[in-house]
Amino acid sequence: MRVDIWSDIGCPWCYVGKRRFENALADFEHRDDVEVVYHSFELDPTHPTDKTVPVTEMLIGKFGMPRAQVEAAEARLATTAADEGLKYDHNRHAGNTFDFHRLAHWATEQGKQQQLLDHAYAVHFGEAKSVHSTDALVELAADAGLDPDEARAVLTEDRYADDVRADEKQARELGITGVPFYVLDGRYGVSGAQPTEVFAQALAQAYDKA
């Protein structure tokens, strides 16, 4: 059975949802029969490629909420992440994630998709490090066991752009407007960072039907 997951590296709920889904999968008796494939989704494809902003400032501008309300929401997210054994630093910056998605497609071809995603989530949300500049992405790739020179070539040559756009086109065709979004066996959709037990139930139901 295949599970397709649309997510964005800048999405905190994708970070939490990944851990919850993986916990459910680890306890799933048929886990060795499950293939997991991650797909590209940009929360803000219009964000300038040469500029990052503090996440708090981005959220204030995007939603028009008072600073205290944004900071309280971030504190709740930190607690939620901690409950899943994850670090969460609200001092990170938001930026354009198109290049990261291109790099992730290349990592998939190298058999290193999971390693890149895990490392990127850990340093971006856990340590507030950048996942946006070319240099930062090359360092991420190297730390995930990928060739840094080839990673830089991927980024500077604009490779895998069509793959990212194809993922996003498929998301639109499926009616996906937010992430994380999970499609099990090509038929069953699960939206959001659901509790681990919900993912466990979804895996069992989809596998039985498959």
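The values are calculated or read from the model by the stated rules, or taken from the named source; none is laboratory data. Everything numeric here is computed off the predicted structure, so don't read it as measured data. Every residue, glycine among them, receives a Cβ derived from its backbone with ideal geometry; neighbour counts consider all protein chains shown. All accessible areas refer to the heavy atoms of the entire protein, side chains included, with ligands and DNA or RNA removed. Shrake-Rupley method; radii C 1.70, N 1.55, O 1.52, S 1.80 Å.
Assessment of segment 114-121 against the conditions (touching a strand residue (DSSP E or B) at 6+ places or on another chain (Cβ under 9 Å) and on the phi > 0 side of the Ramachandran plot) yields no matching residue.
Answer yes or no as to whether GLU57 is assigned to a loop (DSSP other than H, G, I, E, B), more than 20 Å from LEU155 (Cβ to Cβ) and open to solvent by 80 Å² or more (accessible area, probe 1.4 Å). Criteria not met by GLU57. Taking each residue of segment 185-209 that is open to solvent by 70 Å² or more (accessible area, probe 1.4 Å) and looking for partners that are of a type in the set (Asp, Glu) with beta-carbon atoms closer than 8 Å, six or more apart or interchain, yields LYS209/ASP185. Please count how many residues of segment 60-90 are under 16 Å from GLY10 (Cβ atoms) and open to solvent by 60 Å² or more (accessible area, probe 1.4 Å). The qualifying residues number 4. Taking the residues in segment 139-164 that are free of Cβ contacts under 8 Å to residues at least 24 places away in the same chain, in a helix (DSSP H, G or I) and within 22 Å of PRO45 (Cβ to Cβ) as candidates, determine which candidate is least open to solvent (accessible area, probe 1.4 Å). Result: THR156.
Scanning segment 168-210 for residues that are in a loop (DSSP other than H, G, I, E, B), closer than 24 Å to PRO45 by Cβ and among the aliphatic types (A, V, I, L, M) returns LEU174, ILE176, VAL179, ALA193. Restricting the first member to segment 1-14 and to residues that are small (Gly, Ala, Ser), and the second to residues that are open to solvent by 10 Å² or more (accessible area, probe 1.4 Å) and not in a loop (DSSP other than H, G, I, E, B), the beta-carbon pairs closer than 7 Å and six or more apart or on different chains are SER7/TYR38; GLY10/ALA94.
Determine if segment 62-80 includes at least one residue that is at pLDDT 95 or above and within 12 Å of the chain's Cα centre (by Cα). Looking through segment 62-80, none of the residues is at pLDDT 95 or above and within 12 Å of the chain's Cα centre (by Cα). Within segment 92-104, residues that are part of a loop (DSSP other than H, G, I, E, B) have Cβ atoms under 7 Å from residues that are aromatic (Phe, Trp, Tyr) in these pairs: ARG92/PHE125, counting only partners at least 6 apart in sequence or on another chain. Inside segment 106-137, residues that are over 27 Å from GLU84 (Cα atoms), assigned to a helix (DSSP H, G or I), open to solvent by 20 Å² or more (accessible area, probe 1.4 Å) and in contact (Cβ under 8 Å) with a residue 12 or more places away in the chain make up a count of 1. The condition (being under 30 Å from TYR207 (Cα atoms) and either aliphatic (A, V, I, L, M) or free of Cβ contacts under 8 Å to residues at least 12 places away in the same chain (or both)) is satisfied by just one residue among ALA26, ALA75: ALA26. If you go through segment 17-41 and keep only what is touching a Lys or Arg at 6+ places or on another chain (Cβ under 6 Å) and outside any strand (DSSP E or B), you end up with just LEU25.
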